[in-house]
Amino acid sequence: MTHSNTFQDWKTKALKIQPLGLAYINGQYQPAISNQKFDAFSPRDGQKLAEITSCQTEDVNLAVNAARQAFKNGIWSRTSAKQRKQVLLKFADLIEQHSQELALLESLEMGMTISDSVNMNLPGAIECMRWFAELADKRYDEIAPTSPNAITRIHRVPVGVVAAIVPWNYPLMMACWKIAPALATGNSVILKPAEQSSLTAIKLGELSKLAGIPDGVFNVLPGPGHITGKALGLHMDVDAIAFTGSTDVGKLFMQYSGQSNLKRISLECGGKTPNIVLADCDNLDAAADAIVLGAFGNQGQICNAGSRLIVERSIRDQLIEKILAKAKTEKPGDPLDPQSKLGPLVDESQLSRVIGYIDVGKQQGATLLCGGERITPVDGGSYLQPAIFDQVSPEMSIAKEEIFGPVLSVITVDNIDQAIEVANNTIYGLGAAVWTINLKKMERVAAEVQAGVIWVNSHDHGDISSPVGGFKQSGFGRDKSIHAMEKYTEYKTVWINLAD
Ligand code: NAD
């Protein structure tokens, strides 16, 4: 996707945009029954963007009922896979046709730079929708090798009503990672966006209708997590929750399931990704570039943010020098400026949380090499200069806990054994990167570091065909790839007795 909008063009568009703040239930936009609302503010300048309806338990009941009726009447769940494919391909085309508006909403609402939104997030979301649309009619069921006296078919059938609970850091892409495979496999879906990023999800309602997704099959419920999300988690007629968000809230969904109907839960939770740079790394410049981008891209609000640098002592000074030189060029700016590489944090509360971690880092004895202070490229916005801490020991909070902001912690080690031990010294296990030209060492890290993805001589590379998900408290289940289909389908065995 290309665009030639200037900074001024985006600012003019931003002044004109009138975001819709309603729920989308059973094919209609509507306010919450209680008419409760909450305000959405832009972290770009602190200005109010929209009033958004706040769905309560009764709205959740309405949406679940609509989703269930649609599932039962088979208008989507029992239509041909080819038909679902065609509708979802149209859905993808419509997202592409509206990508400028969607990118602008996303940038205004959560502060992602317009360049990232236009060049990365929107294309990622569209590609995901197309990929799962295409997969819909290319899967076969199985026949088990039982005795000739029976035919035993093993089908993959849709789970039923799926609630997709998503975070704010890549609003559209996170939503599409869930709704594309869930819809492709014939489920009815309720999308619950994060409070900080409801607007693009709401827009998807209209586009889904234009694409031909039948009423009730796709619903969008904005609202607070502890009300709307909880009501979905506890609902007796929701069959599966596909969750992306923090580990703490992921644990709550496990409880909601246990307290209600044992609905299936899949969790894509937090991370504390290490970049392990071994002494034989042959391209420290490439490593430095990837480390800075990985730690500070999207203002560090990435589940796979490379927030820990674990480096062998003999090369640490050289590498840190390169990283500092690169980091100096990373200045947050107005997210609507196509030249800005970084924008604001998502809101004031996230900014305070990150500054709190920076204070803890200093108190616990780490050395702040650069950044860490609030800046104001745009008045009223929530901007932070990315921070780098040296002399971080593995037990410090900034070495172990997910900060979800632009803070890089440098931990120095003496050998690969220590590097692996430090890498595993966290509750998380989402991703890990190793930089080395030694095949045995890369294989050792790949085998011994507990993480869903191991990158060798790169960080956070990916493709829609390769799965994303975690070990340990980073969760379970996988987004993207053919394996995502597993979360949205159940095995059903049909045993046909042929014996006389
Ligand atoms: P969050 O856990 O606060 O919120 C996620 C979703 O859960 C939101 O829709 C929110 O409204 C809802 N929610 C919040 N409290 C709830 C409650 N009590 N009951 C039910 N629902 C509730 O996470 P966030 O701040 O939106 O996102 C940041 C987190 O997401 C980070 O931890 C990040 O690592 C994680 N994340 C993980 C991945 C991955 O692929 N593993 C991808 C992106 C983000």
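One table, with the values for the structure above:
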| read-out | value |
| --- | --- |
| Local electrostatic count at GLN69 - Lys and Arg +1, Asp and Glu -1, tallied over other residues with Cβ under 11 Å | 0 |
| Percent accessible area from carbon and sulfur atoms, the chain, protein chains only, probe 1.4 Å | 51 |
| Gap separating the Cα centres of region 426-500 and region 185-230, nearest whole Å | 27 |
| Net charge dipole size for region 274-464 [Lys, Arg +1 and Asp, Glu -1 on Cβ; Debye, nearest 20] | 140 |
| Separation of alpha-carbon centers, region 249-316 and region 337-392, rounded to whole Å | 18 |
| Modelled label reach - ILE227, point 7 Å along Cα→Cβ, region 172-197 residues with backbone N closer than 16 Å | 192-197 |
| Computed helical MRE - 222 nm, the chain, DSSP H runs ≥ 4 contributing -39500 (n - 2.57), nearest 500 | -11500 deg cm²/dmol |
| Within straight-line cross-link reach of LYS11, lysines at Cα separation under 16 Å, skipping those fewer than 8 residues along the same chain | LYS48 |
| Exposed trypsin sites (Lys or Arg not before Pro) absent - longest run of the chain, DSSP non-H/G/I/E/B, at most 14 other C-beta within 10 Å | 140-327 |
| Accessible area, probe 1.4 Å, largest first, for residues GLU58, GLU268, GLU321 | GLU321, GLU58, GLU268 |
| Spatially proximal lysines relative to LYS263 (Cα-Cα < 24 Å; intrachain offsets below 8 disregarded) | LYS72, LYS178, LYS192, LYS230, LYS251, LYS472, LYS480, LYS487, LYS492 |
| Low-density loop positions, chymotrypsin sites (Phe, Trp or Tyr not before Pro), region 94-146 - DSSP coil, at most 16 other Cβ in 10 Å | TYR140 |
| For the chain, cysteines whose Cβ has no other cysteine Cβ within reach (under 4.7 Å) | CYS55, CYS269, CYS281, CYS303, CYS370 |
| Segment LYS362-GLN28, extension gain: residue separation times 0.36 nm, minus the distance between their alpha carbons | 115.1 nm |
| Summed residue charge, Cβ within 9 Å of ASP137's Cβ, Lys/Arg positive, Asp/Glu negative | +4 |
| Cα-projected label distance for VAL494 with GLN83, points at 7 Å along beta-carbon direction, nm | 1.8 |
| Computed accessible area, GLU96, all protein chains, 1.4 angstrom probe, square angstrom | 70 |
| Cα-based Lys pair tally, region 274-464, threshold under 29 Å, eight or more apart or on separate chains | 21 |
| In Å², nearest 10: area of MET174 left accessible to a 1.4 Å probe | 10 |
| Dipole of region 274-464, positive end: most advanced residue of SER382, ASN415, ALA433 [Cβ charges, Cα centre] | ASN415 |
| Solvent accessible area, Å² - GLU142, 1.4 Å probe, full protein context | 100 |
| Charged-residue dipole, Cβ positions (Lys, Arg, Asp, Glu), the chain about Cα centre, Debye nearest 20 | 1180 |
| Net charge of neighbours whose Cβ lies under 13 Å from the Cβ of ILE411, counting Lys and Arg as +1 and Asp and Glu as -1 | 0 |
| Selection from LEU336, ALA366, LEU351, by position along the positive dipole direction of region 277-378 (Cβ) | ALA366 |
| Unit charges at the beta carbon, dipole of the chain: most positive-side option, SER393, ALA163, SER188 | SER188 |
| Rough spin-label spacing in nm, given labels placed 7 Å along Cα→Cβ, for ASN283 and SER246 | 3.7 |
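The values are calculated or read from the model by the stated rules, or taken from the named source; none is laboratory data. Remember, it's a predicted structure, so these values are computed and weren't measured experimentally. Cβ sites come from the backbone with ideal geometry, for glycine too, and all protein chains shown count toward neighbours. Accessible surface areas use protein heavy atoms only, side chains included; no ligands, DNA or RNA. Shrake-Rupley method; radii C 1.70, N 1.55, O 1.52, S 1.80 Å.
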